[in-house]
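First up is the structure itself, then whatever we jot down about it.
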Amino acid sequence: MLFQNFGRGGFLKVATYAAITFSAYICVGLNRSYTAFLNHYLSEPDSIIKITDEQKSWLASSIGYLSPVGSLFSGTVMDFFGRKVFLSMIFIPFAISWLTISLAKSYTVLLLGMMLQGLGGGMSSCVSVYISEISSREHRGALLGFITVAYNCGVLICNLLNYNFMWNVSSIVCLCISITFMAVTITFLPESPVWLHSKGRTEEAIEILSSLRGADRDKLESEIKDMEKRTREPIKTTFSQTFKNIRKAWKQLLVITVLFVLMQHTGYSIMIAYTLLVFDRLNLPLDSSKITVLYSTFGFISSFTTPIFMHRFGRKTVLSVSSLGMAIAMVIVGVYEELFYYESTKMYVWIVPIAFYVYVFACNTGVYPIGFIIGGEVFPTEVRGTMNGIYGVFSSIYWVSTLKLYPKVMFYFGIKTMIWSFAVSSFILCLYGKFLLPETKGKTLNEIQEQYFQRKKPTGKDVPQSTA
């Protein structure tokens, strides 16, 4: 292990491994924003590939078609063969996809390449599991918060590439990025000590944990006991046992599924996929391409606040405040459009892009990162990978459906209707975060299970006393 003697362990070493892991989310960000410029370029008169408006919507949502397959596959691989094997495999579909896109001469080949992106995107739904398992309870929130930084970094890189180069040239650069990240992941990452311990490889797990913390075994007593408490015996990697464990995690799945549905309807994913189209439809006297680049730039910069908020405040507070900020921003845009949409001379036009910048800032503060990380915290060890995969299947299907739905909402009901729907969904998400989301900050993964999802066994105080 090349990083075995790096520094003295502790936060610096764990942060290094987390940074390597985040490269998967950079690749996700690259493909999420690619279609925004791709559809724009393919609409130009001199485009070598001609597409219709209907084909544009298929391209925009195509990265979700194979996401369920990637999610289900990754969860199984992660639990059966280990976290590192899974993390190394994520970049393969990304690399094949970018190669296919760069060589595309027809709409069909281009669509196939974009669909392969979804395979890697679906697999990424389980990345937070690894970071959750190598982090201490004190640093888990801050490290998981950097997922948003990585994702927005990918979005920004993609937009900058497509703003300056043609879509096929950008895809070659993205291919090189994917191959580089895969090589680094294979070379440097250690296996998760939690997974090793769950498979009965106790000494190897403790050795890696000691390396991660930069501490001797006797100073890791509490963490070792926490692992032993959850997995007293090696977890059997059989399909029958896995199915039994899956049935015990339905509450966790329900919690994060509702969270995802509400989060999707706040509109952030829609804005990423249809940024240029949305700004065009707002009927503003502004350059939509420049606004799109500035939008992604602000998203990347603002995402650096995510680890700070995730470290200092609880998940419930962060989600509630950030979704409320998104709602207020969308109300401002909605009111402005109601007043000035049909006006030939628009006053205070700067209000709309500023409101969208507030919207993306608020989203990156809590809504989007919590949607990414919560699955890595709430599921039990024995099916953490598998359940994240199942969650990824549902979220991918729902995500594709909304990507197909919202353009129709925009075309048939108008952009104003879409903006108001974002505002209402953000308000509902605020209430969900305040009253229903489990609080995971400052708790070990085992403590989260005990406090929120396990049936409490009756104690002596709970047993009725005889009055005889």
Selected residue (criterion: nearest to Pro438 (Cα to Cα)) from residues of the range 320-352 that are among the small types (Gly, Ala, Ser) and crowded, with 19+ Cβ neighbours inside 10 Å: Ser320
Which listed residue, of Gly120, Gly141, is in contact with a Phe, Trp or Tyr (Cβ under 6 Å, 6 or more places away or on another chain), among the small types (Gly, Ala, Ser) and open to solvent by less than 10 Å² (accessible area, probe 1.4 Å): Gly120
Residue satisfying all of: in the range 234-261; open to solvent by less than 30 Å² (accessible area, probe 1.4 Å) and in a helix (DSSP H, G or I); modelled with the lowest pLDDT among these: Thr242
Some residue of the range 41-56 being surrounded by 24 or more Cβ atoms within 10 Å (Cβ to Cβ) and in a helix (DSSP H, G or I): no
Helices (runs of 4 or more DSSP H) contained in the range 98-174 and holding at least 1 residues under 22 Å from Ala36 (Cα atoms) and hydrophobic (A, V, I, L, M, F, W, C): 107-123, 140-164
Evaluation of Val109 against (1) over 28 Å from Thr306 (Cα atoms); (2) touching a residue at least 40 places away in the same chain (Cβ under 8 Å) (one fails), failing number: (2)
Hits in the range 394-443 - residues which are in a loop (DSSP other than H, G, I, E, B) and surrounded by 20 or more Cβ atoms within 10 Å (Cβ to Cβ): Leu437, Thr440
Residue among Ile49, Ile26, Ile90 that alone is in contact with a helix residue (DSSP H, G or I) (Cβ under 9 Å, 6 or more places away or on another chain), modelled with pLDDT of 85 or more and over 23 Å from Phe181 (Cβ atoms): Ile49
Any hit, the range 198-211, residues being of a type in the set (A, V, I, L, M, F, W, C), touching a residue at least 60 places away in the same chain (Cβ under 8 Å), touching a helix residue (DSSP H, G or I) at 6+ places or on another chain (Cβ under 9 Å) and part of a helix (DSSP H, G or I): no
Residues (of a type outside the set (A, V, I, L, M, F, W, C), out of contact with any Cys (no Cβ under 9 Å at 6 or more places or on another chain) and part of a helix (DSSP H, G or I)) located in the range 293-324: Tyr295, Thr297, Thr305, Thr306, Pro307, His311, Arg312, Arg315, Lys316, Thr317
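The values are calculated or read from the model by the stated rules, or taken from the named source; none is laboratory data. Note that the coordinates shown come from a computational prediction; the quantities given were computed from them, not determined experimentally. Please note: Cβ atoms are built from the backbone with ideal geometry, for glycine as well, and neighbour counts cover all protein chains shown. We work out accessible area using only protein heavy atoms, side chains counted, and drop any ligands, DNA or RNA first. Shrake-Rupley method; radii C 1.70, N 1.55, O 1.52, S 1.80 Å.
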